[in-house]
Amino acid sequence: MDFSYSARTADLLDKLGRFMDDHVYPAERVYDEQIAAADNPHEQPQIMRELQARARELGLWNLFMTHDGLGAGLTNLEYAPLAEMVGRSIIGNEAINCSAPDTGNMEILAMFGTEEQKERWLRPLLDCEIRSAFAMTEPAVASSDATNITSTIRRDGDDYVINGRKWYTSGILDPDCKLVIFMGKSDPEAPTYRQQSMILVPADAPGVEVLRDLPMFGFHDRLGHGEVQFTDVRVPAANMLGAEGDGFAIAQGRLGPGRMHYAMRAIGMAERALDLMCRRALERTAFGGPLADRGVVREWIARSRIEIDQIRLLVLKSSWLMDTKGNAAARSEVAAIKVAAMEVAHTVVDRAVQTFGAAGVSNDTVLARMHAITRALQIADGPNEVHLRTIARLELKKHR
């Protein structure tokens, strides 16, 4: 068992570390200030465009993409520590074009898209000329069970007609969003897992109406989380992604790597929170001495280090399994890291918030936003309980 990084990963880690230190961290406050000053808070700020240009020059671009020679060609195991590093900053993954929902959308376009679909949508996404959104979750049903989806995709001659209401459609409010990947029922009479399809919808298609931008624990994301009404939206039949009835399988193919990426970045958030907690504990004095001398704070620091290292090992094992055995073989491990990584990251961030006191719940540090993100991601891409159900079922299967 070899825990050393490949030469390619080591080289990229060095470049990425310097990029984060020299450009990304100093840009965080500027990013927020430019958004606050903009007429449209969802428009990409100039500082991000500059970061992305620099990242491309350095070869730190589309590192997540492994399909068809379109990205850096890294394995999951090679990408994991890089995703962890960009996860330390709220804006890190966007700076290198590795942010959701575009990453998942690009992967399924690469895997299931026609050549025409790839040329129209995938190439511009890889070049960050456009952004995209993913419309799966619905407000009226428990969307953690995708078979509940009620939105419809109905064939009408050479077109499909789409109806339904979605929410937490990430990315939809970005002015650069040109594509929505929509999941709905195309055949309610088919077998349970063949009823759903995915279809490509231009964001400006008639009948697509963004009703509101949904906050996440009071924070409004730059890309936006939209509640969107689709009313008799008509698109060509050629916009179907894969074949009719492939939607559920495509969703599983999209969410598996997506959960892995979330877990990788969660480690980065936890590491930054631990770093901030240690600095604060050494600098802050209370009751006659630094917080670092208090037993409870030392325990928080020690437990945080243990827990972060544990989930990192689990993430690396899951990455290795996906690379060597395939996504299906890593199903239990991927479910486990989605639960464990978010819970650990949230716990470590929460300890850091407590160490900072009033400053921890303000927007003067990144901790409050990380607290909201790590909590929300225990619901997004499948709530923890669904993943625990999967793990338990697979475990019990060994004993039946």
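The values are calculated or read from the model by the stated rules, or taken from the named source; none is laboratory data. Quick caveat: nothing in here was measured; it's all calculated off a predicted structure. Backbone-built Cβ (ideal geometry, glycine too); neighbour counts: all protein chains shown. To get the accessible areas, we keep the full protein, side chains included, count just its heavy atoms, and leave off ligands, DNA and RNA. Shrake-Rupley method; radii C 1.70, N 1.55, O 1.52, S 1.80 Å.
Report ³J(HN,Hα) in whole Hz for each residue of segment 128-140, in order, from the Karplus equation J = 6.51 cos²θ - 1.76 cosθ + 1.60 where θ = phi - 60°; Gly and Pro get x.
Residue by residue, segment 128-140 yields 6, 7, 9, 10, 9, 9, 10, 10, 10, 5, 10, x, 8 Hz.
What share of all Cα pairs of segment 190-266, in percent, falls into each consecutive 5 Å distance bin?
3, 12, 13, 16, 22, 20, 10, 4, 0
Run the numbers on segment 1-147 and let me know its relative contact order in percent, using alpha-carbon pairs under 8 Å that are six or more apart.
21 percent
Take segment 61-189, drop everything but the C-alpha atoms, weight them equally and run the Debye formula without solvent; then report log10 I(q)/I(0) at 0.15, 0.20, 0.21 Å⁻¹ to two decimals.
Each listed q maps to, in turn, -0.82, -1.22, -1.27.
When the Cα centres of segment 101-136 and segment 247-318 are compared, how far apart do they sit, in Å?
Taking the Cα centre of segment 247-318 as reference, the centre of segment 101-136 is 31 Å away.
In whole Å, what are the extents of segment 263-380 along the principal axes defined by its C-alpha atoms, from largest to smallest?
The Cα atoms of segment 263-380 stretch 56, 25, 15 Å along the principal axes, largest first.
Which percent of Cα pairs goes in each bin when the distances of segment 347-398 are cut into 10 angstrom slices starting at zero?
24, 33, 22, 15, 5
Tell me, Kirkwood radius of the chain from alpha-carbon pair distances, in Å?
Here the Kirkwood hydrodynamic radius works out to 22.0 Å.
With all protein chains present and a 1.4 Å probe, how do 208, 30 order by accessible area, largest first?
Ranked from most to least accessible, the order is 30, 208.
Below 8 Å between Cα atoms, with a sequence gap of 6+, how large is the relative contact order for segment 92-237 in percent?
Once normalised by length, the contact order is 23 percent.
Tally Lys and Arg at +1 and Asp and Glu at -1 over the other residues with C-beta under 12 Å from the C-beta of residue 229: what net charge comes out?
Net charge in that neighbourhood comes out at -1.
Using Cα-Cα distances under 8 Å and only pairs 6 or more residues apart, what relative contact order does segment 44-129 have, in percent?
27 percent
Say a site is exposed when it is one of the GluC sites (Glu not before Pro), sits in a DSSP loop, and has at most 16 other Cβ atoms within 10 Å; what is then the longest site-free stretch of the chain?
190-400
Less than 12 Å Cβ to Cβ from residue 74, Lys/Arg counted +1 and Asp/Glu -1: what total charge do the surrounding residues give?
Residues near residue 74 contribute -2 overall.
Using a 1.4 angstrom probe with every protein chain in place, what is the largest-first accessible-area order of 280, 155, 400, 393?
I get 400, 155, 393, 280, largest accessible area first.
Counting only helical runs of four or more DSSP H residues, what would the 222 nm mean residue ellipticity of the chain come to if each run contributes -39,500 (n - 2.57) and the total is spread over all its residues?
Value at 222 nm, helices only: -15000 deg cm²/dmol.
Filter the chymotrypsin sites (Phe, Trp or Tyr not before Pro) in segment 244-341 down to the DSSP loop ones having no more than 10 other Cβ atoms within 10 Å, then list what survives.
287
Taking the Cα atoms only, what angle lies between the long axis of helix 76-86 and the longest principal axis of the chain, rounded to 10 degrees?
Helix 76-86 and the main axis of the chain meet at about 60 degrees.
Dipole size in debye (nearest 20) for the chain around its Cα centre, Lys and Arg Cβ +1, Asp and Glu Cβ -1?
That gives a dipole near 1380 debye.
Based on C-alpha coordinates, I'd like the Rg and Dmax of segment 1-61, in Å.
Here Rg and the maximum Cα pair distance are 15.2, 54 Å.
Quick one: pull the percent of accessible area on segment 319-378 belonging to carbon and sulfur, 1.4 Å probe, ligands and nucleic acids left out.
Carbon plus sulfur share of accessible area: 50 percent.
Build a GNM of the chain with springs between Cα atoms under 10 Å: which of 80, 376, 359 gets the top mean-square fluctuation?
359
To the nearest 10 square angstrom, how much accessible area does residue 99 have with a 1.4 angstrom probe?
10 Å²
Among 377, 286, 162, which residue has its Cα positioned farthest towards the positive end of the charge dipole of the chain, with +1 placed on the Cβ of Lys and Arg, -1 on the Cβ of Asp and Glu, and the dipole taken about the Cα centre?
286
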